[in-house]
Structure formats: C-alpha cells, structure tokens
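The values are calculated or read from the model by the stated rules, or taken from the named source; none is laboratory data. Bear in mind that the values here come from a model prediction, so they are computed numbers and not experimental data. Note that we place each Cβ from the backbone using ideal geometry, even for glycine, and neighbour counts take in every protein chain shown.
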Amino acid sequence: MITPNFSFEKRLWKKGFKIVVGLDEVGRGAFAGPLVVGGVAFKKGVIPEVKINDSKKLTKPQREKSCKWIKENSLCFYTSQISAKKIDKAGISKATYSGFRRVVKSIENALGSRVDYLLIDAFYVPYIRGLRMPIKNKRKDRKTGTVQDFLSRQLAVINGDSRSFSVASASIIAKVYRDKLMIELGNKPGYKKYGWVNNKGYGTREHRKAIKEYGLTKYHRRTFIKT
C-alpha cells in the first residue's frame with residue numbers, strides 16, 4: 001500500500017528549494033460550512049513519529065494525534081477558511097485558489113521569507129507571485145506523469161494526500177480544523193436539526209431531508225443545493 005513519504009520533498013530540497021509547502025483542501029463537496037485550506041512546510045531531515053496519510057484514511061484519534069505532532073514539528077503551518085457566501089459568489093474553483101494564495105502568503109509572512117516551491121493535491125494555483133505554474137506542452141516527467149517545466153515552482157501531485165508527506169499533513173490539519181468548526185456550528189441552537197455534528201455539512205440523506213423540511217441557513221452553499 002502506498003503511504004505518504006518525503007520523496008517529492010527530498011528531490012526538491014536536493015535541488016536547493018528550501019521552503020517546500022504542501023497544500024490541500026477539505027470540504028470541497030459539502031453542502032454547508034466553509035472550504036478549509038491547509039498548508040504545511042517541514043525542515044529537511046525531520047523524522048515522522050506519527051501516522052501520516054490522507055486525512056480521510058485516518059480515524060479521528062489518529063488525525064488529532066497527527067495534527068498535534070505536525071503543528072509541533074513543522075517549519076510552519078497555516079489553515080484558512082472560505083465561507084459559503086464567498087463560494088457561492090466566486091465559484092468553488094476561484095474560492096479554492098483564493099484560499100491557497102492566502103495560505104501561502106500567511107506562511108511567507110510568518111517565516112519572513114518567500115516560499116520556494118508548492119506541492120498541491122492535483123491542483124495548480126494561478127497568480128501566485130514567484131510561484132508560477134508550469135507552461136503547457138512541456139515534456140512529462142516519467143516518474144510522476146506530470147508536466148515538467150524546470151522554471152515552474154508548482155507541482156500538482158495526483159493523489160498527493162496519499163503520496164506526499166507535506167500534502168497529507170496539510171489535509172490533516174485542514175480536516176481537524178473543519179471538523180471541529182462544523183461540530184461547534186452543529187451544536188448551536190437552530191442548527192442541530194441539520195446533523196452537522198455527524199455529517200460535517202455533506203449532503204447525506206439526513207441533511208437533505210432537513211434542508212427540505214427547514215430550509216437553508218447562512219452556512220449553506222446555495223449554488224450546491226437544488227431545492
């Protein structure tokens with residue numbers, strides 16, 4: 001079974017890219033609640049002491065333990081949430097890009113230094129100064145199957161949260177953050193009936209039934225729901 005490791009990061013560190021940030025998002029397909037983006041950078045030579053994998057493949061206790069370790073042992077980490085209102089206004093793709101850009105900028109501000117390279121779970125992010133996407137029609141890398149442009153500063157890693165340690169770590173801190181937020185929202189008066197404590201805002205049968213019976217809230221993504 002493939003598990004995340006530092007193979008992508010090590011190749012980049014070897015080439016002189018010191019600050020390599022893994023990015024991932026959580027909640028993209030949910031009916032309610034924000035999209036949460038996470039970003040994590042590690043120092044060269046860090047030794048994993050917890051189970052790191054795609055956040056969906058870990059149990060809640062495993063995620064929380066891993067999240068704590070990531071925050072204590074990473075060079076830098078950051079999470080950013082994009083509201084349902086912004087998602088409805090801009091569309092999920094633009095909202096996601098905006099979240100990624102905010103995370104990168106926040107990490108740079110925290111470190112007082114520019115990020116050198118981005119590893120992203122199946123995405124490229126446009127319009128990040130100094131971290132441009134690959135130019136199309138360049139040759140493909142045989143190992144990764146991705147377009148290789150040696151002047152680019154981004155790599156979209158297919159199934160990145162199952163292959164890259166940094167990307168998987170980003171998915172973990174994002175999911176732990178979002179799950180906690182949805183539980184808090186779901187326990188507020190007037191929102192318990194939507195079952196967010198259990199469904200985290202996704203379109204389960206219980207959630208759909210509650211929407212039909214009680215209508216939408218300010219936390220729902222209206223463009224995602226057909227009523």
- Sole miss for Arg132 among (1) loosely packed, with under 13 Cβ neighbours inside 10 Å; (2) at pLDDT below 95 is condition (1)
- Message: Tell me yes or no: at least one residue of segment 110-129 is assigned to a loop (DSSP other than H, G, I, E, B), at pLDDT below 95 and more than 17 Å from the chain's Cα centre (by Cα).
- Response: yes
- segment 162-195: number of residues that are touching a Pro at 6+ places or on another chain (Cβ under 7 Å) and outside any helix (DSSP H, G or I): 2
- Note on the structure: Requiring at least 1 residues that are surrounded by 15 or more Cβ atoms within 10 Å (Cβ to Cβ) and of a type in the set (Ser, Thr, Tyr), the helices (runs of 4 or more DSSP H) wholly within segment 1-105 are 60-73
- Any chance Val167 is modelled with pLDDT of 95 or more, surrounded by 14 or more Cβ atoms within 10 Å (Cβ to Cβ) and more than 12 Å from Leu119 (Cβ to Cβ): no
- Message: So, in segment 171-227, exactly how many residues are buried (at least 22 other Cβ atoms within 10 Å of the Cβ) and either free of Cβ contacts under 8 Å to residues at least 40 places away in the same chain or basic (Lys, Arg) (or both)?
- Response: 4
- Message: Tell me whether segment 97-107 contains one or more residues that are of a type in the set (D, E, K, R) and in contact with a strand residue (DSSP E or B) (Cβ under 6 Å, 6 or more places away or on another chain).
- Response: yes
- Report yes if some residue within segment 36-52 is out of contact with any Leu (no Cβ under 8 Å at 6 or more places or on another chain), under 23 Å from Thr96 (Cα atoms) and in contact (Cβ under 8 Å) with a residue 40 or more places away in the chain; otherwise report no. yes
- Message: Go through segment 70-93 and report how many residues are touching a helix residue (DSSP H, G or I) at 6+ places or on another chain (Cβ under 9 Å) and under 23 Å from Tyr117 (Cβ atoms).
- Response: 9
